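S.K.: Can you keep this structure in mind? I'll have questions shortly.
The values are calculated or read from the model by the stated rules, or taken from the named source; none is laboratory data. No experiment lies behind these values; they were computed from the predicted model shown. Neighbour counts are summed over all protein chains in view; Cβ atoms, including those assigned to glycine, are modelled from backbone coordinates with ideal geometry.
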Amino acid sequence: MSEIPSSTLATRSERRSCIGGSDNPVVLMGTDQLAVRRERRGGSEPEDLSGRSPPAEASTGPVGAAHADFVRAVAGHPPRPIPLEAGALDLEDRADHLGKVLSALSAYVAVVLDDTAQNVPGRLDLRDTEGVLTDLASGVTGAIQKAADDMAGRPA
């Protein structure tokens, strides 16, 4: 095994200024990556120079409320990490997680599209949207559930 040149090794202070591999469990468990970066750097949140409205102002109206509901739903169901040697229960848990996220996404998209349709001159044809989102959720969760069933030796 060859030795890594010391010029390529990060100093302790350089390693503390960024998110590294040892932070993966924290990030994967749903912790805010920006919060982890701020903690590592010991600084405060950077000034927002985008000129956009702060989140409190953006959350008015049905679309803002639907967005807040979506964010709460997703934040309330963080994915659990899948171990290297995943079992059927791990896959079923992941399928359940994605099912909840996609359900919340479907509700959010429905409100956004309804609001958009009300504010567009003419007519938007959104008849197939709900079916597309349902098919997406079914396809994604179904594929993971099938893998779990195969892993557990359950018949299809």
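S.K.: Return a yes/no flag: does the stretch 106-128 have any residue that is in contact (Cβ under 8 Å) with a residue 40 or more places away in the chain, surrounded by 12 or more Cβ atoms within 10 Å (Cβ to Cβ), hydroxyl-bearing (Ser, Thr, Tyr) and in the same structural domain as residue 61 (by TED's automatic domain parsing).
M.R.: Yes; the residues of the stretch 106-128 include at least one that is in contact (Cβ under 8 Å) with a residue 40 or more places away in the chain, surrounded by 12 or more Cβ atoms within 10 Å (Cβ to Cβ), hydroxyl-bearing (Ser, Thr, Tyr) and in the same structural domain as residue 61 (by TED's automatic domain parsing).
S.K.: Could you check, for the stretch 80-89, whether at least one of its residues is crowded, with 17+ Cβ neighbours inside 10 Å, assigned by TED's automatic domain parsing to the domain that holds residue 141 and not polar (S, T, N, Q)?
M.R.: Within the stretch 80-89, none of the residues are crowded, with 17+ Cβ neighbours inside 10 Å, assigned by TED's automatic domain parsing to the domain that holds residue 141 and not polar (S, T, N, Q).
S.K.: Could you list, in sequence order, the residues of the stretch 113-156 that are of a type in the set (Gly, Ala, Ser) and closer than 30 Å to residue 61 by Cβ?
M.R.: Result: 117, 122, 131, 137.
S.K.: Where in the stretch 48-125 are there helices (runs of 4 or more DSSP H), lying fully within it, with 3 or more residues that are modelled with pLDDT of 90 or more and under 19 Å from the mean Cα position of the chain (by Cα)?
M.R.: 61-75, 88-118
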